[in-house]
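Heads up, the thing below is written out as structure tokens.
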Amino acid sequence: MKVLIAYSTKYGTTTTCIKRLEKALQGMEVHTVCLEREQPNVRDYDIVLLGGSIYFGRFRPALRQFLKEQHSLLMEKPLGLFWCCGRTEDHEYYGEKHFPKSLRDHAFAHIFFGGTLRIPKSSWIDRFLLHSMRSAILESEINDGEYTPTLPTILLESIDMMATYVREAARRL
């Protein structure tokens, strides 16, 4: 059973999630491809997992292009979709906005993997914008004078859930 994990990332959060997913799929033939570096042939795989990071409200260009160019082939394969985002309160919106409805309806899974704000790895302009966004997140969490921070984090249970769905899809083939 050949599984393709095709993804895009800006600062590495998605790569961290993919490494966890690869471990959870141990025993299966898994090929990971960063779409910024390589364009895989979807026909070569039995199951396809596809996703990436939301960077200032959008998927990276390589993933957007891959979704357009490979849409019809993706509709022929068992498909799992995932995304990472530092704005966890908006994750459902981003999942619906960036994956076409036809792919979401076809997919055996459509899962949010969480996210992080990786400020030290960012460019100076991104650091400025991320600090502003982080401040807005923190300020929004002050409720009746109580402060309970909920900064974004990777959701390990969501990644493990995707692995479970992949194994179920493989059994059905």
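Rule-based calculations on the coordinates, nothing more; no lab input. Please read all numbers here as calculations on a predicted model, not as lab measurements. Note that we place each Cβ from the backbone using ideal geometry, even for glycine, and neighbour counts take in every protein chain shown.
Structure above, values below:
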item: Distance in nm between pseudo-label sites at E38 and K68 (7 Å out along the Cβ direction from Cα); result: 2.4 nm
item: Residue-count net charge about E36 - beta-carbon cut-off 13 Å; Lys, Arg +1, Asp, Glu -1; result: +3
item: Extension reserve of the T153-K97 stretch, reckoned as 0.36 nm per residue once the Cα distance is removed; result: 18.0 nm
